[in-house]
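Contents: one structure, followed by commentary.
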Amino acid sequence: MNFSEQIISWYNDNKRELPWRNTTDAYIIWLSEIILQQTRVEQGLPYFYRFLERFPDISSFANAREDEILNLWQGLGYYSRGRNMLKTAQLIQDQYNGVFPVKYDDLIKLKGIGEYTAAAISSFAANETRAVVDGNVSRVLARYLGIDEPINSTKGKKIFQNIADELLDLNDPATHNQAIMEFGAIICKPKNPACGTCVLRLDCVAFKTNAIKYLPVKLKKVKIRERFFNYLLITDGEKILMNKRGENDIWANMYEMPLVETNTLLEIDELVKLPQLQQLGDKMAIKGHTTIIKHVLTHQHLYIRFIELRDFPENLQKGWFYTDVNNLDKLALPRSIFIFIKKFFNF
DNA sequence: AACCCGGGGAG
DNA sequence: CTCCCAGGGTT
């Protein structure tokens, strides 16, 4: 058996039952693929069900409001995925008469769909012969063939895509693609791969040369920025002052309390002297504050605390608005904000 | 090519 | 702690 036959044979015996398999509905496949970008299957599963129930087809998705999509996406991270999905759904509604495209060359033009996702949808929905290359695939290939080119360099991506294309089963690209990803997730795992039960181990260069530990090679990641977020908690228990975030920074278009960001960690009494706080009114006083929570993102470490003010401010800044506390569950909140609010108001 | 964009789980 | 997950967009 060649590589593809071995992988597919293993897959038929060992695959998980996942709800987005056994369908050729491009909309459902698209939904699952976007949710699963940089996301583990277990984490994405409940979101997949939630979205499919609320938006059973492309037209219901296209008619949604961005706020509702972000609210449903809350907690999953990489929120631009949700915003891009709305744009794509609207474009498909308008320019494709609501029929989801299944050709790679059409898919690749859509917002939020790159090489991987275009290959996945076109092969799963229409058996187009496009090889997927995700983290699983590049890891399997790097080990099996003993390739030490970094999988995330421009050159490396080209190399692994070319190899994946050559190995692809042209008669059943869909199953081949599913199989190699599943194999990477279950057997050829990043750490402690199950080489003992691997059907490819006798042909695997990394296994034969004891190089599993060192493959795949990946380029170093960039340095992490530290930021200090002081959130102003202004509430009487029934209404609360909130802010809608802008387009550019993290958590774009999502909601939070009024934010005072500082470059360093300030003591509470230093914080009160800041112009952002002085501008709020004449006699602004602090009622209390929380300890600092460290919120870890891929490129940033956020040090977050919540400062409760005694009175409502006289002057509101742009983007600030009062809302009923009972309305908070309808707003898309960053995870750390959501957790704090839940605890504070006893939700 | 480098950087940005979340949150969670494994080891 | 570190690494990585069914990646993609922007500069």
Discussion item. Just checking, does segment A:55-78 include any residue being out of contact with any Leu (no Cβ under 6 Å at 6 or more places or on another chain) and near DNA strand C (Cβ under 9 Å from one of its atoms)?
Written reply: yes
Worksheet item: Here are some conditions: (1) under 30 Å from A:I250 (Cβ atoms); (2) in a loop (DSSP other than H, G, I, E, B); (3) touching a His at 6+ places or on another chain (Cβ under 7 Å). A:K223 meets all but one. Which one does it not meet?
Response: (3)
Response to the item:
With criteria (1) free of Cβ contacts under 8 Å to residues at least 12 places away in the same chain; (2) surrounded by 15 or more Cβ atoms within 10 Å (Cβ to Cβ), A:M254 comes up short on (1)
Fill in: Test result for A:L170, open to solvent by less than 10 Å² (accessible area, probe 1.4 Å), more than 23 Å from the chain's Cα centre (by Cα), touching a residue at least 12 places away in the same chain (Cβ under 8 Å) and farther than 27 Å from A:G82 by Cα
no
Worksheet item: Among the strands (runs of 3 or more DSSP E) contained in segment A:268-334, which hold 3 or more residues that are touching a Phe, Trp or Tyr at 6+ places or on another chain (Cβ under 8 Å) and open to solvent by less than 60 Å² (accessible area, probe 1.4 Å)?
Response: A:300-309
Worksheet item: Looking at this structure, is A:C188 over 30 Å from A:A332 (Cβ atoms), buried (at least 20 other Cβ atoms within 10 Å of the Cβ) and over 23 Å from the mean Cα position of the chain (by Cα)?
Response: no
Discussion item. Cβ-Cβ under 6 Å, sequence separation 6+ or interchain: first residue in segment A:10-31 and in contact (Cβ under 8 Å) with a residue 12 or more places away in the chain, partner surrounded by fewer than 18 Cβ atoms within 10 Å (Cβ to Cβ) and not acidic (D, E). Which pairs?
Written reply: A:W10/A:V199
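If you check A:V222, A:V272, A:V217, which single one turns out to be at pLDDT below 95 and within 16 Å of DNA strand C (Cβ to nearest atom)?
The conditions single out A:V222.
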Worksheet item: In segment A:173-207, what residues are in a helix (DSSP H, G or I) and free of Cβ contacts under 8 Å to residues at least 12 places away in the same chain?
Response: A:G196, A:T197, A:R201, A:L202
Worksheet item: Here are some conditions: (1) among the polar types (S, T, N, Q); (2) in the same structural domain as A:D134 (by TED's automatic domain parsing); (3) surrounded by 17 or more Cβ atoms within 10 Å (Cβ to Cβ). A:T235 meets all but one. Which one does it not meet?
Response: (2)
Discussion item. Considering only residues that are among the acidic types (D, E) and over 17 Å from A:F100 (Cα atoms), which ones fall in segment A:9-29?
Written reply: A:D13, A:E17
Response to the item:
Quick count over segment A:240-251, residues being open to solvent by 50 Å² or more (accessible area, probe 1.4 Å) and more than 16 Å from DNA strand C (Cβ to nearest atom), is 1
Worksheet entry | Search result, residues across segment A:120-156 that are within 14 Å of DNA strand C (Cβ to nearest atom), over 17 Å from A:F207 (Cα atoms) and open to solvent by 50 Å² or more (accessible area, probe 1.4 Å) | A:R130, A:N152, A:T154
Practice prompt. Under 7 Å between Cβ atoms, at least 6 apart or on separate chains: pull out the pairs that start in segment A:111-126 with a residue that is in the same structural domain as A:T23 (by TED's automatic domain parsing) and within 16 Å of DNA strand B (Cβ to nearest atom) and end on any residue that is open to solvent by less than 20 Å² (accessible area, probe 1.4 Å) and not in a helix (DSSP H, G or I).
Written response: A:Y116/A:V132
Discussion item. Take A:V99 and tell me if it is more than 15 Å from DNA strand C (Cβ to nearest atom), of a type in the set (A, V, I, L, M) and assigned by TED's automatic domain parsing to the domain that holds A:Y116.
Written reply: yes
Practice prompt. State whether the residues of segment A:277-284 include one that is among the small types (G, A, S) and modelled with pLDDT of 90 or more.
Written response: no
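Residues in segment A:78-89: is at least one assigned to a loop (DSSP other than H, G, I, E, B) and either farther than 23 Å from A:H176 by Cβ or free of Cβ contacts under 8 Å to residues at least 24 places away in the same chain (or both)? If you could, list the steps in order and put the result at the bottom.
Taking segment A:78-89 first, the residues assigned to a loop (DSSP other than H, G, I, E, B) are A:78-79.
With either farther than 23 Å from A:H176 by Cβ or free of Cβ contacts under 8 Å to residues at least 24 places away in the same chain (or both) added as a condition, the list becomes A:78-79.
Yes, segment A:78-89 has at least one match.
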Worksheet item: Residues A:A194, A:A179, A:A164: which one is more than 30 Å from A:Q90 (Cα to Cα) and within 15 Å of DNA strand B (Cβ to nearest atom)?
Response: A:A194
Worksheet item: In this structure, is A:I339 touching a strand residue (DSSP E or B) at 6+ places or on another chain (Cβ under 8 Å) and of a type in the set (A, V, I, L, M, F, W, C)?
Response: no
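The values are calculated or read from the model by the stated rules, or taken from the named source; none is laboratory data. From a predicted model like this one, the values you see are computed outputs, not experimental measurements. Backbone-built Cβ (ideal geometry, glycine too); neighbour counts: all protein chains shown. Accessible surface is based on the protein model in full, side chains and every heavy atom, while ligands, DNA and RNA are left aside. Shrake-Rupley method; radii C 1.70, N 1.55, O 1.52, S 1.80 Å.
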